Amino acid sequence: MSASGAVYQTMIISIASQKGGVGKTTTSISIAAGLAHRGKKALLIDIDSQANSSKVLLPDFQHIRPEQSIYATIIDRKPLPIRPSSVAHLDIVPSHILLSNTDVKLTTAIDHREARLKSQLSTVVSDYEYVIIDCPPALSWLTINSFTASDKVLITVSPGYFELDSIVQISKTIQEVREYFNPQIDLMGFLFTMSDPTVNSKTSLRVLRQTYTDSVLKTVIPKNTDIRDAHFHRQDIFTFAPHSKSAQAYNRLLVELFEL
């Protein structure tokens with residue numbers, strides 16, 4: 001139950017990609033902050049060891065110790081260390097660089113290694129309308145933990161042959177998680193990011209839509225320096241540049257995904 005007494009029917013969404021540098025963390029921050037700016041109670045879980053979501057949204061991130069991060073939940077099965085973010089209505093579970101070592105430990109674990117996040121999230125999930133999970137850019141046990149805890153997966157895809165090729169592997173992972181750990185998980189869609197006027201970008205989007213016709217979202221996120229500048233100033237795009245092309249695009253995405 002939330003502080004206001006409300007009990008929410010929560011939607012849990014993993015934002016994922018097998019590759020780095022494709023707008024995954026930007027999308028995680030923008031969706032979570034965008035929902036919060038609309039008054040929705042949201043939680044962002046940063047389970048990426050690069051901790052970029054945490055660095056942007058958590059003012060005191062540099063002082064976060066491993067036991068105050070998602071590391072403690074995954075390794076020691078401690079409660080989620082939830083903290084208020086710099087955005088009203090948005091809480092965050094920070095990451096830590098030590099998370100990069102957890103995959104080896106989880107590989108040798110035998111006791112529900114895929115469900116450690118889900119187990120702890122279940123105790124607080126009703127406090128939030130939306131939970132957004134910023135996954136690592138790899139198909140690891142951390143990603144499997146995220147998928148096992150989620151209702152939906154949103155996959156970010158940027159222009160390029162190898163980026164499109166990686167979709168096959170991550171789609172296979174979703175199917176395996178559905179088969180073994182979480183029968184309810186569903187693909188939310190493919191989000192094309194970092195779009196520009198080049199032939200490479202236009203061709204990549206055309207191939208993506210031809211191959212995954214019903215799964216590609218209509219919204220396309222442009223390549224824009226405003227996002228980079230916003231993160232440099234440790235702000236979400238709606239706070240930093242609410243009228244920018246990037247903010248407009250993510251606003252369209254929120255409408256498409258949640259009809260807000």
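Read-outs: derived from the displayed coordinates by stated rules, not from any lab. If you're wondering where the values come from, they're calculated on a predicted model, not measured in any experiment. As a convention, Cβ positions derive from the backbone with ideal geometry for all residues, glycine included, and neighbour counts pool all protein chains shown.
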Rg/Rg_globular for the range 37-79, with Rg_globular taken as 2.2 N^0.38 Å and Rg from C-alpha atoms | 1.27
Cα coordinate range in the chain, projected on the principal axes (Å, largest first) = 48, 37, 33
Local charge sum around Leu106 (other residues, Cβ-Cβ under 13 Å, Lys/Arg +1, Asp/Glu -1)?
-> 0
In Å³ per residue, the alpha-carbon convex hull of the range 45-182 encloses 117
Distance in nm between pseudo-label sites at Leu260 and Glu67 (7 Å out along the Cβ direction from Cα) | 3.6
Total charge of the residues flanking Arg38 in space, meaning their Cβ is under 12 Å from its Cβ, with Lys and Arg +1 and Asp and Glu -1, is 0
Tally Lys and Arg at +1 and Asp and Glu at -1 over the other residues with C-beta under 9 Å from the C-beta of Asn52: what net charge comes out?
-> -2
Along Cα→Cβ, 7 Å out, is where each label goes; now give me the distance between the ones at Asp226 and Asp214 in nm to one decimal.
-> 3.5
Using the 10 angstrom Cβ neighbour count as an exposure proxy, how do Asp103, Asp91 rank, fewest first?
-> Asp103, Asp91
Whichever lysines have a C-alpha closer than 27 Å to that of Lys55, once near sequence neighbours (fewer than 8 apart) are set aside | Lys19, Lys24, Lys40, Lys41, Lys78, Lys105, Lys118, Lys152, Lys223, Lys245
Set the Förster radius R0 to 25 Å, insert the Cβ-Cβ distance between His112 and Asp151 as r into 1/(1 + (r/R0)^6), and round the FRET efficiency to 0.05.
-> 0.80
Binned at 5 Å starting from 0, the alpha-carbon pair-distance distribution of the range 1-109 in whole percents comes out as 2, 12, 21, 23, 20, 14, 5, 2, 0
